[in-house]
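Student: Quick one: structure below, then a few questions.
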Amino acid sequence: MSQIPQTLTHWLIDAQRKAGGDSVMLQLLDDIATACKMISHEIAQGAMLGNLGKAGSENVQGEEQKQLDVIANDIFLAVNAQAGHYPAMASEELEDVYVVDGAAEGKYLLLFDPLDGSSNIDVNVSVGSIFSILRLPEGADPSQAAAFLQTGVQQVAAGYALYGPSTMLVISVGQGVHGFTLDRNTGLFYLTHPDMSIPADTKEFAINASRARFWEAPVKRYVDECLAGKTGPRGRDFNMRWIASMVAEVHRILTRGGLFMYPMDAENQAKGGKLRLMYEANPMSFLVEQAGGAASTGRQRIMDVAPTGLHQRISVILGSKNEVERVASYHAE
Ligand code: P6P
């Protein structure tokens, strides 16, 4: 019989057997996959469904929402509320905690950015959804943000969907990082990228170079050395990428290595940085570390940061371990 790739469901069954315990994690990730399939359909239709462009509203970050931001958020909330495992959820698109009716017995908390990089939607560039799953702490009130304010090391699962030329779901439940590709004919995700791993070294870095005038000295030193190429202190040439879609950048790094930086700088310092800790930096750091990479603020491991707010922003330097450590060493000098 011809060998067919393992489906997400069968992979989750295997992972649950290895981890022991109940099948809840299997159900949680299966529902995430369903939500991402539905969002993929909305996005893949592009202008044909009339859902491109602005929603005419702003999110909690004061950012203009695209119609697909709202659609993706509604899908994530509706699909992941059904099984009753989450008494509450937190979304980049919602200021407060979203309490799930009838799920008071749930033991997990879901945090997500339903459509990251949505400024790329109208120009048909890859975007993604990012999710993080925490346990509800014993005795905590899930309706309060405090229940969510756990360090990244407390995550029990994390991942993203990448809506690109193909739609992929990349996840970790603490047993490495594994990529699944959506087959639109069967509607199933199949294991296509088992055991994704980040090389410790790289010649590729990603940063929004238009912000160079705001960078702190250690970041400027690192980038200048890369730009100096083989004639400079690094003794080798580097390449640069910037997609302005964190999911796409992280996927490239999980696939072939690299360094992604959105550091705190003189302009965003008052806000603590650009990217959000709880539903962007922490889940991506979980994946990166599970794949053998590193994720730092420049001054400390991202997943050790004690959160102070649901929408807290943070400096992000993640990817190939030796490069992350180099940037961190420059901060320490
Ligand atoms: P800039 C998208 O809005 C996002 O949150 C990340 O996905 C991305 O890496 C970054 O912001 C892009 O920021 O300043 O280049 O638009």
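The values are calculated or read from the model by the stated rules, or taken from the named source; none is laboratory data. What you are looking at is a predicted structure, and each value in this text was computed from that prediction instead of being measured. Neighbour counts run over all protein chains shown; Cβ positions are idealised from the backbone, glycine included. The protein model used for the area step is the full one, side chains on, heavy atoms only, and it has no ligands, DNA or RNA in it. Shrake-Rupley method; radii C 1.70, N 1.55, O 1.52, S 1.80 Å.
Student: Would you pick out the residues in segment 99-115 that are crowded, with 18+ Cβ neighbours inside 10 Å and either farther than 16 Å from L310 by Cβ or more than 16 Å from the ligand (Cβ to nearest atom) (or both)?
Tutor: Just the residues of segment 99-115 that are crowded, with 18+ Cβ neighbours inside 10 Å, to begin with: 100, 103, 106, 108-115.
Answer for segment 99-115, where residues must be crowded, with 18+ Cβ neighbours inside 10 Å and either farther than 16 Å from L310 by Cβ or more than 16 Å from the ligand (Cβ to nearest atom) (or both): V100, A103, G106, Y108, L109, L110, L115.
Student: Working only within segment 152-195, note down all residues that are aromatic (F, W, Y) and open to solvent by 20 Å² or more (accessible area, probe 1.4 Å). Walk me through how you get there before you give the answer.
Tutor: Within segment 152-195, the subset aromatic (F, W, Y) is 160, 163, 180, 189-190.
Selection gives Y190 alone.
Student: Name the strands (runs of 3 or more DSSP E) wholly within segment 80-188 that hold at least 2 residues that are in the same structural domain as V70 (by TED's automatic domain parsing) and of a type outside the set (A, V, I, L, M)? Even if it seems obvious, please write down each step before you answer.
Tutor: Working: elements: 88-91, 108-116, 127-135, 157-163, 167-172, 178-183.
Those strands (runs of 3 or more DSSP E) span 108-116, 127-135, 157-163, 167-172, 178-183.
Student: Please verify whether A209 is aliphatic (A, V, I, L, M), more than 30 Å from I32 (Cα to Cα) and within 16 Å of the ligand (Cβ to nearest atom), treating the condition exactly as stated.
Tutor: On the way: aliphatic (A, V, I, L, M): yes; more than 30 Å from I32 (Cα to Cα): yes; within 16 Å of the ligand (Cβ to nearest atom): yes.
Considered against the rule, which asks whether it is aliphatic (A, V, I, L, M), more than 30 Å from I32 (Cα to Cα) and within 16 Å of the ligand (Cβ to nearest atom), A209 comes out as yes.
Yes or no, residue by residue, for (1) farther than 22 Å from M196 by Cβ; (2) among the hydroxyl-bearing types (S, T, Y); (3) surrounded by fewer than 18 Cβ atoms within 10 Å (Cβ to Cβ); (4) in the same structural domain as V60 (by TED's automatic domain parsing):
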site	(1), (2), (3), (4)
K230	yes, no, yes, no
R236	yes, no, yes, no
R241	no, no, yes, no
K274	yes, no, no, no
T308	yes, yes, yes, no
I314	yes, no, no, no
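Student: What is the number of the single condition among (1) over 25 Å from T181 (Cα atoms); (2) within 16 Å of the ligand (Cβ to nearest atom); (3) under 18 Å from the mean Cα position of the chain (by Cα); (4) crowded, with 18+ Cβ neighbours inside 10 Å that N73 does not meet?
Tutor: It is condition (1) that N73 fails.
Student: Return only the number of the condition from (1) among the small types (G, A, S); (2) in contact (Cβ under 8 Å) with a residue 12 or more places away in the chain; (3) within 16 Å of the ligand (Cβ to nearest atom) that G179 does not satisfy.
Tutor: The single condition G179 does not satisfy is (3).
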